[in-house]
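First comes the structure, then the notes that go with it.
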Amino acid sequence: MARPRLQSITDKKKTSVFSLDSLSAIPRFFKEIWRVSPKLFTLNTFARLLTALSPVVTLWIGKIIIDEIILQISLENQDLTRLWTFVGIELGVVVFTEILNRGITLTDGLIGDLYSNASSEKIIRKTNELTLEQLEDPEFYDKLERARQQTNGRVNLMSDALSQVQAIISIVSLIAALIYFEPWLIVLLVLSIIPSFINEAKYSGHRYSLARSWTAERRELDYLRYVGANNTTAKEVKLFGLTDYIAQRFSKLSHKYYLINKNLSLKQSLYGSLFNILGTLSYYGAYIFIIIKVIAGVLTIGELTFLSGSFNRLRNNLQQFFSRFTRISESALYLRDYFDFLDIPLSQETQNPVAIPEVIKSGFELKDVRFNYPGSDTPVLEGVNFEIKAGEKIAFVGQNGAGKTTLIKLILRFYKPTSGEILLDGININRFSKEEYRARFGVIFQDFFKYEFRLRENIAVGNIDEISNDPMILDAADRSLANQVIETMMDGIDQQLGRRFAKGQELSGGQWQKVALARAYMKDADIMVLDEPTSALDAQAEYDVFERFIGLTKGKTSIIISHRFSTVRMADRILVLQDGKIAEIGTHEELMENPQLYSRLFNLQAAGYQ
């Protein structure tokens, strides 16, 4: 794994936090927010607009109250009606603003939750649309990781962006008030804010560059955390004494990241402190300027409190504005990663797909099929030619790495052949709609996934639209012998599986395989594919499963991969692969008469049982 280079942080080509390209994602972002809840978004925006005007209104009323107090002190016949009226108005404004702020916080949270859910769903759906080739590409996986990591960041970006609009209105109103009384205060204001803003922006860009360059390493750190503290890996970690190795590897990599981040944080903190001191001096310079004007009789005491309060509020607002701006700019870079992921071009779908035959008549034909995995020059399959007749049970046999599973991936259209073609009833399979084509298959792989869902769901994933169809689920379980598993469960088909959730029940390897095999029976598929689905079963149990399979799939086209020759011999024909090429093909009897690879492997395995 390539390690990040320190110079990547200061690379002249690093992504700038002020990049217009990154900020260009903001409008699209707001369109997505609007779509999740137009009503909440409108309420939130309206509340922010009203709240934005409250600072200058409150300060102006405060000025009137102070001037009125001083006036009434100087009068013999005091009339406090106007004074108490404005005190009541100020109280009303403050209470109303507090209510609005509560409403903003509430709607921020609700919109954030809705958007987080919607964006996560989009990532799930987009991942499903991508090819297996893309999903197995490490560079692509980094894009997926960056898109997935920033869910909370995108929610915070929404709040920051809306707050920014609110801040702009407050800032404009406060600046207008300062200009009306003393325009020179704006110059001092700029001196107090701009240097700090430039510093924050500079280091925000560096942080994004660091995070981006360490995507793969952070994935490794997450994986080490998982391996080192997980019930699935605990047995081997304890047995092989891997704790020190994993902990030291984690410590070494995480400390390297810490040192780079520490260097960045120290510089940012040092320069940030200097610029904040400059800002504080500018503020007190403005304060002294206002005091001198009051002593000279140019300004009233009320105007003193209004101007000092306005300047202080404006300075704080601008600091928050620029701080949010750097956060928004940084988050926009991550947001761009999210949109870049959603915009990854899909593989070219078949234009005007051909209707798949309702009934498969002749079957499959592979013509001179060759295949290399992307990024590899080593051929996995070379010049493969054979037929799978409709309704035939064919077994693929060969040593590990011979290309058996790769052949199935090509037939299922997870990959396209590097050259050659695969035909179904004389039509290239790439001319069919992928969705309609794959719907004709019932498949179970050796590395099937153990969903920590209910038992019902684990079976129904083979035809998820029938998740509530108990008779169909129970029939599939009966066919795969998973009914034996259901009988041992306290909650039957509604038993929670796995240890991750409460009341979960763990299954043995053989039980899991029977449950997974039931998935293949969940739909009345024309073509059944079993890729080492019973490796965790003992020889007798596997024989029983396959004998049952042969009987239940009569008339269906079936492809079987198994290393047990007692099972393989049940097939109509056996295809023997060696180094990506067809070494032999025929019935069990025909292959045994020919002293080649199949008969040698069969006899070796048979000798092990004698």
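Given the structure, is F445 out of contact with any helix residue (DSSP H, G or I) (no Cβ under 6 Å at 6 or more places or on another chain), among the aromatic types (F, W, Y), under 27 Å from P138 (Cβ atoms) and buried (at least 16 other Cβ atoms within 10 Å of the Cβ)?
yes
Every residue in the range 68-95 that is surrounded by 10 or more Cβ atoms within 10 Å (Cβ to Cβ) and either at positive phi or among the aliphatic types (A, V, I, L, M) (or both), please.
I69, I70, L71, L80, L83, V87, I89, L91, V93, V94, V95
Just the residues that are part of a strand (DSSP E or B) and in contact with a helix residue (DSSP H, G or I) (Cβ under 6 Å, 6 or more places away or on another chain), please, taken from the range 579-605. First the steps, then the outcome.
Going residue by residue through the range 579-605, those that are part of a strand (DSSP E or B) are 581-586.
Selection gives A583, E584.
Looking at (1) within 29 Å of A355 (Cα to Cα); (2) β-branched (V, I, T); (3) part of a helix (DSSP H, G or I); (4) touching a residue at least 40 places away in the same chain (Cβ under 8 Å), which one does V529 not meet, given that it meets all the others?
Unmet for V529, out of (1) within 29 Å of A355 (Cα to Cα); (2) β-branched (V, I, T); (3) part of a helix (DSSP H, G or I); (4) touching a residue at least 40 places away in the same chain (Cβ under 8 Å): (3).
Working carefully through the options E466, E421, E436, find the one that is surrounded by fewer than 17 Cβ atoms within 10 Å (Cβ to Cβ) and in contact (Cβ under 8 Å) with a residue 60 or more places away in the chain.
E436
Go through the range 73-110 and give me each residue that's in a helix (DSSP H, G or I) and of a type in the set (D, E, K, R).
R82, E90, E98, R102, D108
Go through the range 332-354 and give me each residue that's part of a loop (DSSP other than H, G, I, E, B), over 27 Å from V384 (Cβ atoms) and not charged (D, E, K, R).
Hits for the range 332-354 are I344, P345, L346, Q351, N352.
Let me confirm something: among R102, R146, which residue is closer than 25 Å to T51 by Cβ, assigned by TED's automatic domain parsing to the domain that holds E217 and among the basic types (K, R)? So that I can check it myself, show each step before the final result.
Working: R146 fails: closer than 25 Å to T51 by Cβ.
Answer to the check: R102.
Among the residues in the range 484-494, are any surrounded by 14 or more Cβ atoms within 10 Å (Cβ to Cβ), in contact (Cβ under 8 Å) with a residue 40 or more places away in the chain and closer than 28 Å to I560 by Cα?
No, that holds for no residue.
Here is a yes/no grid of residues against (1) closer than 30 Å to V56 by Cα; (2) among the aliphatic types (A, V, I, L, M):
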residue: I290; (1), (2): yes, yes
residue: S310; (1), (2): yes, no
residue: S323; (1), (2): yes, no
residue: S329; (1), (2): yes, no
residue: L335; (1), (2): no, yes
residue: P345; (1), (2): no, no
residue: P353; (1), (2): no, no
residue: E365; (1), (2): no, no
residue: A402; (1), (2): no, yes
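From S329, S376, grab the single residue that is outside any loop (DSSP other than H, G, I, E, B) and either touching a residue at least 24 places away in the same chain (Cβ under 8 Å) or on the phi < 0 side of the Ramachandran plot (or both).
Exactly one residue qualifies, and that residue is S329.
The values are calculated or read from the model by the stated rules, or taken from the named source; none is laboratory data. Given the structure is predicted, the values throughout are model-derived calculations rather than measurements. All Cβ positions, glycine included, derive from the backbone under ideal geometry; neighbour counts span all protein chains shown.
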